[in-house]
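Taking it in order: structure first as structure tokens, then the write-up.
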Amino acid sequence: MSTETTPDRRKLEDQIRQLNERIAELERTKDQMEAQLSEAKTMAEMPTAVTTAPELEHTLGRLVKKIAMILQAEKCVFMLHDTESGELVARKPALGLNDEQIHLLRVRATQGISGEVFRDSKPLIVDDAASDDRTVKENVVILGIRSLLTVPLVMEKRDEQERVVEKRTIGVLHVFNKRFGASFSEEDVRLLSILARQAAAVIANAQLYIEIAEKKQELEATLRSLLAGVLVVGINGRLSLVNAAAQEMLGINSSKSPGMPFREAVPNEKVCALIRTALSEQRDVAEEIDVVSPTERVLQAQTAMVRSENGESMGVVAIFNDITEIRNVDRMKTAFVSTVSHELRTPLTSIKGFISTLLSDTEGFFDDSARLEFYQIIDQECDRLTRLISDLLNVSRIESGRALEINWKPVDVPDIVTKVINAQKSYTDRHEFPIQFPDGFPRIMADQDKFDQILTNLLSNAVKYSPRGGQVAVRGEVVEGEMIQVSIMDQGIGIPADKLTKVFERFERIDNRDTREAGGTGIGLYLVKHLVEAHGGSIWVESDLGKGSTFIFKLPIQPPRELTEQ
Ligand code: ADP
């Protein structure tokens, strides 16, 4: 037998070598595939607990990079279904697409390849995107797509036994342009489908978390900013929520309260009793509660049962509104109505008395001078009534939010001071009224009647609240070059330090024997303050209790333009 290699044998050896090479190549491809598959599996085991928007963005960033690497694709992008607009919208981050391209990539959920994959929930491979009639050509051009593989993003919800209980397509996942001019294969479809399933779970979970977290934050911010106090107590009697207003109103220690039994956390017995009733009797309770600590207030408390969807009771929410101010104003208003009635009746009684006396004096018992004196008293009492009614009208104007109309005219201040003092002199013989104004005191632009009203109120108070008499001194000066300052100083009962600003509030009266005897409505200074401010000025009081008070006001010589232009 010849050892010579025949051409047939060589041919055979060649074929065996080629086959061996092919086997080695297939072996390598298999290894590569296995590596990719194991990587895909690792990714499949990726944690699904992405709970914030930045975390989701980060995870998706990693995903698109890996997917592109595994699938040997140039570009990778997620498109999610926007239920509101009915569109599939590209989501950042994507691989191989710039921000503008991502922004432009949105199609109707029925349009193009994305629409088809989304609707049928089946993967699609397109080898030549430019010639395929299903692709949206505009996007093909903008994104430079040659070949593509698109799989649906299907979110599956499973129960404890891993049975699928809900299946929903939430978007699609694209990879574009297989590298090295190759086409996407069925193996790629299998791989991308595994990755897409995992990605869909991450996205769906994260979206749910983010939505819930945002809603929770929104709710917490709303609760925090509420002026009303809010307490939520679980059915187990433990506090689950206390907003800042409730902590402040009820003196609850914020750091310790959540999770604590409400009886220990809430230091107010009446509030505890209210919650107890609501919890034990399972009904809504409303009550007005006087709280003394940390500060004295009146709270309007209202509870409501918190129930689950199936009507099961989960706890109680209690809402507290601070109605101290409302109650105070109510009290003041009641007092005001009775003082005003009294203040109106006093001059009327006097007027009626003198007129009856004069009418019944048919025999001429009273001489002319006595009659003149009666007429003067009637005249003064009429003035008093007019003033009171004008004050009341002005207050109601202020209260209804209407501006006090100022009739700007040049006003000679010392002139009006003299006139008002003369009027006051007829009410008292116990007081002296020294006046001090520098020569050449400037005329100011003001409303003459309102300026008269300011002075009349301040001077009549000075007289009224210095029952033992003394001096009521009026002094004027020019300050800061462009303002006049007028002070009215009395030697009367004075004002306690803590009431120096309060006296300018409506219905505010200092309650003592002297003021009760003097009578009054508590609106004079409130009105004066508004009148002064309507002129662009300011007013304040200094006082030495038991020795006297000085009311000082400043007015601009020329009113600020924004006031005159109104
Ligand atoms: P009223 O009608 O009570 O006088 P006002 O608003 O004019 O109302 O004054 C409010 C309160 O301020 C008065 O009730 C009084 O207690 C106090 N008050 C006002 N002026 C003086 C003053 N010159 N001296 C002491 N107390 C004063």
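Every read-out reported here was derived from the displayed coordinates using simple, explicitly stated rules and does not represent laboratory data. None of the values given here were measured: they were computed from a predicted structure. Every residue, glycine among them, receives a Cβ derived from its backbone with ideal geometry; neighbour counts consider all protein chains shown.
Legend: residue pairs LYS419/LYS547; LYS409/LYS450; LYS425/LYS499; LYS425/LYS547, Cα-Cα distance threshold 19 Å; pairs beyond threshold, LYS419/LYS547; LYS425/LYS499; LYS425/LYS547. The ranking of PHE262, PHE504 from fewest to most other beta carbons within 10 Å of each one's beta carbon is PHE504, PHE262. Classified by the C-alpha gyration tensor, the range 121-209 has a prolate form. Its axis ratio a/c, with a ≥ b ≥ c, is 1.5 or above, and a/b is larger than b/c.
Along the axis of the charge dipole computed for the range 41-144 (Cβ charges of +1 for Lys and Arg, -1 for Asp and Glu, origin at the Cα centre), the listed residues PRO123, THR83, LEU105 are led at the positive end by PRO123. Dimensions of the chain from C-alpha coordinates, computed as largest minus smallest value along each principal axis and given longest first, are 178, 64, 42 Å. Taking amide hydrogens as placed 1.01 Å from N in the peptide plane, the amide H of ILE444 sits under 5 Å from those of VAL411, VAL413, each at least 5 positions away in sequence or on another chain.
Relative to the present Cα-Cα distance, how much length would full extension add between GLU84 and ASP31 at 0.36 nm per residue of separation?
Details: separation 53, 0.36 × 53 = 19.08 nm, distance 4.55 nm.
Length gained, GLU84 through ASP31: 14.5 nm.
Exposure proxy ranking for THR349, THR521, based on other Cβ atoms within 10 angstrom of each Cβ and starting from the fewest, stands as THR349, THR521.
A crude spin-label estimate for the pair LEU545 and GLU57, with each label 7 Å from Cα along the Cβ direction, gives 6.2 nm. Relative to the longest principal axis of the chain, what angle (0 to 90°, nearest 10) does the C-alpha long axis of helix 186-225 take? In the chain, helix 186-225 runs at an angle near 10 degrees to the longest axis. Only the Cβ atoms of Lys and Arg (+1) and of Asp and Glu (-1) were treated as charged; on that basis the dipole of the range 204-292 about its Cα centre amounts to roughly 300 debye. Listed from fewest to most Cβ neighbours within 10 Å, the set HIS530, HIS81, HIS535, HIS342 follows the order HIS342, HIS81, HIS530, HIS535. Helix 7-44: angle to the longest alpha-carbon principal axis of the chain, degrees 0 to 90, nearest 10? Roughly 20 degrees, rounded to the nearest 10. The angle separating the long axis of helix 324-360 from the principal Cα axis of greatest extent in the chain is about 20 degrees. Of the residues LEU459, ILE416, ILE488, the one whose Cα sits farthest towards the positive end of the charge dipole of the range 399-543 is LEU459 (charges of +1 on Lys and Arg Cβ, -1 on Asp and Glu Cβ, taken about the Cα centre).
Counting only Cβ charges, +1 for Lys and Arg and -1 for Asp and Glu, the dipole size of the range 335-492 around its Cα centre is about 420 debye. Summary value for the chain: 7 percent relative contact order, contacts being C-alpha pairs under 8 angstrom separated by 6+ residues.
Calculate, for ARG513 and VAL306, the FRET efficiency according to 1/(1 + (r/R0)^6) with r their C-beta to C-beta distance and R0 56 Å; round to the nearest 0.05. Kindly include the intermediate steps, with their values, before the conclusion.
Numbers: r = 54 Å, r/R0 = 0.97.
Result of the calculation: an efficiency of 0.55.
Between ALA318, THR51, CYS382, the Cα set farthest toward the positive side of the dipole of the chain (charges on each charged residue's Cβ, about the Cα centre) is that of THR51.
Full extension of the segment from LYS499 to ASP330, taken as 0.36 nm per residue of separation minus the current Cα-Cα distance, would add 58.8 nm.
Among the listed pairs LYS137/LYS178; LYS66/LYS157; LYS157/LYS178, which have their C-alpha atoms separated by more than 28 angstrom in this model?
Details: LYS137/LYS178 19 Å; LYS66/LYS157 25 Å; LYS157/LYS178 32 Å.
Checking Cα-Cα distances, LYS157/LYS178 exceed 28 Å.
If you plug the beta carbon distance of GLU405 and SER255 into 1/(1 + (r/R0)^6) with R0 = 60 Å, you get a FRET efficiency near 0.65. Note: relative contact order over the range 283-365, using C-alpha pairs below 8 Å and six or more positions apart, is 18 percent. Between ARG263 and GLN436, the FRET efficiency from the beta-carbon distance, with R0 = 60 Å, is close to 0.35. In a reduced charge model with +1 at each Lys and Arg Cβ and -1 at each Asp and Glu Cβ, the chain shows a dipole moment near 1200 debye about its Cα centre.
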